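Contents: one structure, followed by commentary.
The values are calculated or read from the model by the stated rules, or taken from the named source; none is laboratory data. All values derive from a computational prediction rather than experimental measurement. A quick note on method: Cβ atoms are made from the backbone with ideal geometry, for glycine too, and the neighbour counts reach across all protein chains shown.
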Amino acid sequence: MTTKILILTKVLFLFIIKVNGQYCTSDTRYTEVQYFKSTEITIGSNIQYGMALDHTLTSDSLLLDFYYPNLGIDLSPKRPFIMLFHGGGFTSGNKQGGDIVDLCVQFALRGFVCASVSYRLGFLFSEYGQFKARYRAIQDGHAAMRYVVNNANALRIDTNWLFVGGQSAGSLLALGMVYADQAELDSVSLLYGVTPISEELGNLYSSGNSLNNTYSIRGIFNNWGAAAKNEVDIVELVPTIAFHGELDQTVMIDSSNSFMHYSLIGSRTIHNELIANKICSELTVEANGGHGIYRNASSIFRVQRASCFFKSVFCNSCSSLYTTDSIPSNCSRSLSVDEQNFGVNFKIYPNPIENSFTIEGLDGILDLSLYNCFGQLVYSEEILKDEVQLDLQPGIYFLKISHIDSDKTYITKLIKN
């Protein structure tokens, strides 16, 4: 038996390396760069993943839309998957509203399979009614993911790399899929003086369809969302990339105690919890932003950062970042610790550094900005020289170089020993 287990472990280890190698190739899939043409994206609309009763006890057909590179053009044996949920306070919105379609299309253009998912909306106006609305939505999220896993082979979805995300209420749904469990939700419902919510609305993991597929979610794309404080356990933490406005009064960036029997923790509190437990996390905060940032045409910025973040999770090279600047993504070029090429002759070396580094291959004035992993600007200077002397604490930094003459900007990771 021991020999068989060792052989199986070795085969599984080699399989994981092979799969990760597929996602860590030097091409521009899963990066900030569009890899496929818009004409190469297939859309599968109004696919029913389940059926459930809404808050008025009316049967509701649960639908989703798929967006993915055409199977005849993209010959990858497996593709990572991301499931997105729209916002609307659990009362409004739909799978084709807001930025959700744009986000899914942009993820598909970079090689992901994406699904925009509808879920049950509406509730009887009360605090507990709103709690039940989120419960129903999380039930639907799990039903949708079971459907995707059950049918993964048809779209060549890699069930080892499943991600969830959303905007506003959709992000509360996505975070709830990762962190909320039956016992936690039942215990809160009892505080409202009613029967356990599972007795009234059914089990969290079996509503909507009869599928019993299991899965693990590997990362979260959190857009101005929050999680219930009592639901987030250390052992459940997963890598998360988040975007949130500092002035958001709808979903607070830090925490909210406006509910009687539970409290919410926002993107910054979740980020700090992840960092404290050495789980990769990236948070972009817009200092003057309210509820919803980098919307519409700017939504591509969020996809670019999320694609690079998830690729770093694939490749086990993820690093954490907190920033109040809209730092452009740049993961399509290899982030080698030895050198970084920009064009034919451009190089930055050495990397990691001790007290200095050299920029080679660019003439003229360079505007340098260096940020630490908290997004704080720690160095800024316009230079003409090749060698840059720095007095830094050990750690990971992000170097932004603007070439004044060509108006080109370049960003790379810089490591200080």
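Conditions: (1) under 20 Å from Lys78 (Cα atoms); (2) part of a helix (DSSP H, G or I). Leu172 meets all but one. Number of the miss?
(1)
Quickly run through segment 108-142 and pick out the residues that are under 14 Å from Ala174 (Cβ atoms) and part of a helix (DSSP H, G or I).
Of everything in segment 108-142, those that are under 14 Å from Ala174 (Cβ atoms) and part of a helix (DSSP H, G or I) turn out to be Arg134, Ala137, Ile138, Gln139, Asp140, Gly141, His142.
Considering only segment 218-244, how many residues are free of Cβ contacts under 8 Å to residues at least 12 places away in the same chain and buried (at least 22 other Cβ atoms within 10 Å of the Cβ)?
Total satisfying the criteria: 0.
In the list Leu247, Leu274, which residue meets the criterion of being part of a helix (DSSP H, G or I), of a type outside the set (Val, Ile, Thr) and either modelled with pLDDT of 95 or more or buried (at least 22 other Cβ atoms within 10 Å of the Cβ) (or both)?
Leu274
Please tell me if Tyr35 is more than 28 Å from Ala227 (Cβ to Cβ), in a strand (DSSP E or B), in contact with a helix residue (DSSP H, G or I) (Cβ under 7 Å, 6 or more places away or on another chain) and not polar (S, T, N, Q).
No: the conditions fail for Tyr35.
Looking only at segment 248-263, filter to residues that are in contact with a Ser or Thr (Cβ under 8 Å, 6 or more places away or on another chain) and either without any contact (Cβ under 8 Å) to a residue 60 or more places away in the chain or of a type in the set (D, E, K, R) (or both); which one of those is nearest to Gly170 (Cα to Cα)?
Ile253
Residues to consider are Ser116, Ser76; find the one that is among the hydroxyl-bearing types (Ser, Thr, Tyr), farther than 21 Å from Met252 by Cα and modelled with pLDDT under 95.
Ser76
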